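Scroll down for the structure; my scribbles are underneath it.
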Amino acid sequence: MASHIVGYPRMGPKRELKFALESFWDKKSSAEDLQKVSADLRSSIWKQMADAGIKYIPSNTFAYYDQVLDTTAMLGAVPPRYGWNGGEIGFDVYFSMARGNASVPAMEMTKWFDTNYHYIVPELGPDVKFSYASHKAITEYKEAKALGIDTVPVLVGPVSYLLLSKPAKGVEKNFSLLSLLGKVLPIYKEVVSELKAAGASWIQFDEPTLVMDLDSHKLQAFTEAYTELQSCLYGVNVVVETYFADVPAEAYKVLTSLKGVTGFGFDLVRGSQTLDLIKGGFPTGKYLFAGVVDGRNIWANDLAGSLSILHALEGIVGKDKLVVSTSCSLLHTAVDLVNETKLDKEIKSWLAFAAQKVVEVNALAKALVGQKDEGLFSANAAAQAIRKSSPRVTNEAVQKAAAALRGSDHRRATTVSARLDAQQKKLNLPVLPTTTIGSFPQTIELRRVRREYKAKKISEEEYVKAIKEEINKVVKLQEELDIDVLVHGEPERNDMVEYFGEQLSGFAFTVNGWVQSYGSRCVKPPIIYGDVSRPNPMTVFWSTTAQSMTARPMKGMLTGPVTILNWSFVRNDQPRFETCYQIALAIKDEVEDLEKAGINVIQIDEAALREGLPLRKSEQSFYLDWAVHSFRITNCGVVDTTQIHTHMCYSHFNDIIHSIIDMDADVITIENSRSDEKLLSVFREGVKYGAGIGPGVYDIHSPRIPSTEEIADRITKMLAVLETNILWVNPDCGLKTRKYTEVKPALLNMVAAAKLLRTQL
Ligand code: GLN
Ligand code: ZN
């Protein structure tokens with residue numbers, strides 16, 4: 001009976017690692033304290049998997065910050081600015097790379113494929129001297145062994161490691177990262193030899209880049225790497241793990257022909273076509289690690305469905321060569337459902353977090369060898385059936401309305417230039433109008449008010465009074481600063497998705513459903529379990545209250561459907577676009593109510609639109625089509641004089657600029673200041689943008705206060721490529737994580753810069 005887990009969350013069921021890390025960074029606890037908390041977490045995870053009966057238990061999937069950074073440490077690929085002098089890499093150098101220190105900034109962080117996890121990007125060049133500088137994989141293997149648990153050490157594979165790197169500063173952009181393969185493989189060999197000597201019988205290499213669109217040159221690198229490793233892999237079993245999508249046919253051929261490899265792991269949840277490839281041919285005598293339990297979601301597995309897939313696979317690879325596994329590391333799901341004491345019982349019965357998924361994997365493996373737990377399977381089938389027919393999931397009216405949207409187009413009736421004219425007559429804004437993205441600093445006091453209201457410690461009256469006062473403060477401040485289009489500051493919102501989810505039907509919330517985003521940071525995505533509708537207006541009261549405090553235009557602030565979708569755990573019983581259309585209709589109702597209530601400027605944030613872009617090119621245009629369509633649905637019904645803004649975070653949108661234009665917003669504010677003006681280069685190259693646009697003029701992620709000159713300089717650069725009458729002046733993103741002592745002077749300088757340039761036009 002063979003069961004396997006690709007990887008497991010490190011944070012702990014109650015974010016124990018987060019608190020230990022942050023207390024260590026704040027110098028409130030020692031390195032030993034941090035090591036102790038971490039060792040306890042590891043041992044409890046290993047024991048839990050061993051107790052559940054898992055055969056292939058991963059080790060080295062724990063990380064103090066990030067598994068790619070761990071690999072950088074293993075290879076001794078520390079950028080020179082961190083002043084490392086050789087020897088085993090300790091916390092000092094490791095956390096400096098992750099977070100920067102007083103004198104050097106951190107290494108870059110970027111999204112791990114299409115997940116919300118972020119890894120530290122290795123910086124490599126021809127001069128890097130690789131050396132074996134972190135023995136963590138061996139230490140962890142031995143640590144588990146000392147507890148009586150034989151584990152499968154997990155390494156980020158050498159080819160994926162290089163493909164996920166970037167050329168270091170000063171290195172030619174076209175430097176081939178893969179040319180370093182010959183230099184990293186000797187370190188991998190040392191690691192493998194040590195693991196073998198320590199008693200490891202299996203090693204897992206994660207090569208998730210195999211699911212991307214790789215050219216033949218890159219695919220060739222896998223063949224070269226594993227051929228080179230082959231002699232040292234002798235005497236140990238090796239599984240090469242892929243995840244997050246289908247393995248393309250070409251890559252499948254290369255993968256399954258790799259030398260020295262005994263098993264191959266596939267994501268069979270996202271990779272439905274991989275199944276056909278396997279059916280079309282799988283190397284005899286090799287192990288198939290079948291990822292049938294979803295590591296990216298929180299839904300209980302359809303055990304009967306999985307079992308029938310597994311039976312079919314058994315027929316292909318043979319009974320003794322099939323291993324039941326997760327679709328990817330469980331890092332991307334919540335930790336343990338047991339801690340969800342407040343969740344509705346019935347909804348809970350439809351869910352499985354990491355700890356429950358371990359049990360599912362094992363139950364499937366047992367069923368394959370004739371030890372089916374009938375009780376578990378029938379309870380699972382019953383829960384699945386109830387979920388399918390539950391009235392709390394299905395809302396016929398919503399289903400119908402969403403279905404009617406498909407295939408049709410939704411656009412505002414007039415062109416953006418005609419609309420901008422009509423809006424200008426009404427709003428009468430100066431050139432280079434100034435605005436902000438929505439949130440203002442969230443003070444401790446403000447968080448306390450919200451918390452106490454939620455806990456019913458203060459009355460609704462007291463709460464409304466406190467929030468109104470806060471809004472008034474923010475409005476007055478913006479008037480003093482002489483900002484043109486105001487915001488209310490979003491003091492009533494804890495989170496831009498949760499706030500809406502809580503008021504929409506079809507959403508559930510967890511207490512401890514945290515998922516690591518980067519380092520010690522976690523997010524707690526809402527769960528969309530049913531058809532989405534909006535029973536009542538969600539923002540109208542606060543927006544009209546704010547508008548009543550000023551004669552200047554007040555922006556109504558909404559989160560767009562694509563962002564709500566991408567930052568939630570989404571139902572798996574209907575396509576994503578279906579759910580997105582439903583949310584779009586709910587937001588449309590809100591837009592129309594805001595308009596009726598006299599709000600003339602409405603911002604619909606699509607901060608996460610770029611994030612949802614599928615990994616494979618062949619799937620991208622379909623996604624962009626329905627995502628952009630969903631956005632347009634929300635505001636296609638407003639009159640010309642209502643100005644629709646949108647806002648997007650994340651700096652890589654050059655490849656989707658045409659979709660952004662197709663959103664047909666009147667004004668877009670967009671993160672820009674950290675991307676070396678990459679955004680502007682699109683316009684320089686001739687892309688026409690007719691709507692209003694506000695590329696952020698300063699970085700809000702840093703406490704640094706930009707000077708007037710610096711901002712004016714930025715705006716001047718923008719004016720060189722964008723028409724004067726469409727340019728807006730605003731920061732990169734919301735201000736909620738900043739302090740007032742930073743926000744006030746920064747905005748003061750921003751407005752001064754806009755005014756300075758107006759006099760020069
Ligand atoms: N309106 C939101 C805010 O200002 C937007 C946040 C975001 O883009 N992530 O906080
Ligand atoms: Zn943003």
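Here are some notes:
- Test: residue in segment 652-669 that is surrounded by fewer than 16 Cβ atoms within 10 Å (Cβ to Cβ), over 23 Å from residue 405 (Cβ atoms) and within 16 Å of ligand 2 (Cβ to nearest atom): yes
The rows are residues; the columns are (1) surrounded by 20 or more Cβ atoms within 10 Å (Cβ to Cβ); (2) in contact (Cβ under 8 Å) with a residue 60 or more places away in the chain.
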site	(1), (2)
17	yes, yes
21	yes, yes
50	no, yes
58	yes, yes
65	yes, yes
68	yes, yes
74	yes, yes
80	no, no
88	no, no
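- Number of the condition not met by residue 247 [criteria: (1) farther than 25 Å from residue 295 by Cβ; (2) touching a Leu at 6+ places or on another chain (Cβ under 6 Å); (3) of a type outside the set (Ser, Thr, Tyr)]: (1)
- Segment 113-139, subset touching a Lys or Arg at 6+ places or on another chain (Cβ under 7 Å) and modelled with pLDDT of 95 or more, residue farthest from residue 333 (Cα to Cα): 130
- Residues (assigned to a helix (DSSP H, G or I) and in contact (Cβ under 8 Å) with a residue 12 or more places away in the chain) located in segment 347-364: 347, 354, 355, 356, 357, 358, 359, 360, 361, 362, 363, 364
- Every residue from segment 246-259 that is modelled with pLDDT of 95 or more and assigned to a loop (DSSP other than H, G, I, E, B): 247, 248, 257, 258
- The residue that is nearest to residue 190 (Cα to Cα), among those in segment 207-235 that are part of a helix (DSSP H, G or I) and among the hydroxyl-bearing types (Ser, Thr, Tyr), is 231.
- The numbered conditions (1) under 29 Å from the mean Cα position of the chain (by Cα); (2) part of a loop (DSSP other than H, G, I, E, B) are all true for residue 552 except (1).
- The set of residues in segment 285-308 that are assigned to a helix (DSSP H, G or I) and surrounded by fewer than 16 Cβ atoms within 10 Å (Cβ to Cβ) comprises 304, 305, 308.
Condition check ((1) within 30 Å of residue 263 (Cα to Cα); (2) within 23 Å of the chain's Cα centre (by Cα); (3) in a strand (DSSP E or B)) across all residues:
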| residue | (1), (2), (3) |
| --- | --- |
| 9 | yes, yes, no |
| 17 | no, yes, no |
| 61 | yes, yes, no |
| 64 | yes, yes, no |
| 70 | yes, yes, no |
| 103 | no, no, no |
| 113 | yes, yes, no |
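- Helices (runs of 4 or more DSSP H) contained entirely in segment 368-462, each with at least 1 residues that are of a type in the set (A, V, I, L, M) and touching a Ser or Thr at 6+ places or on another chain (Cβ under 9 Å): 374-389, 396-405, 416-427
- Scope segment 316-346; condition within 22 Å of residue 265 (Cβ to Cβ), modelled with pLDDT of 95 or more and not in a loop (DSSP other than H, G, I, E, B); matching residues: 316, 317, 320, 321, 322, 323, 324, 325, 326, 330, 331, 332
- Count of segment 118-130 residues which are buried (at least 18 other Cβ atoms within 10 Å of the Cβ) and either of a type in the set (S, T, N, Q) or within 26 Å of the chain's Cα centre (by Cα) (or both): 6
- Some residue of segment 733-755 being in contact with a Cys (Cβ under 7 Å, 6 or more places away or on another chain) and within 24 Å of residue 663 (Cα to Cα): yes
The values are calculated or read from the model by the stated rules, or taken from the named source; none is laboratory data. Just so it is clear, the model here is predicted, and its values are computed rather than measured. Quick reminder, even Gly has a Cβ in these numbers, built from the backbone with ideal geometry, and neighbours come from all protein chains shown.
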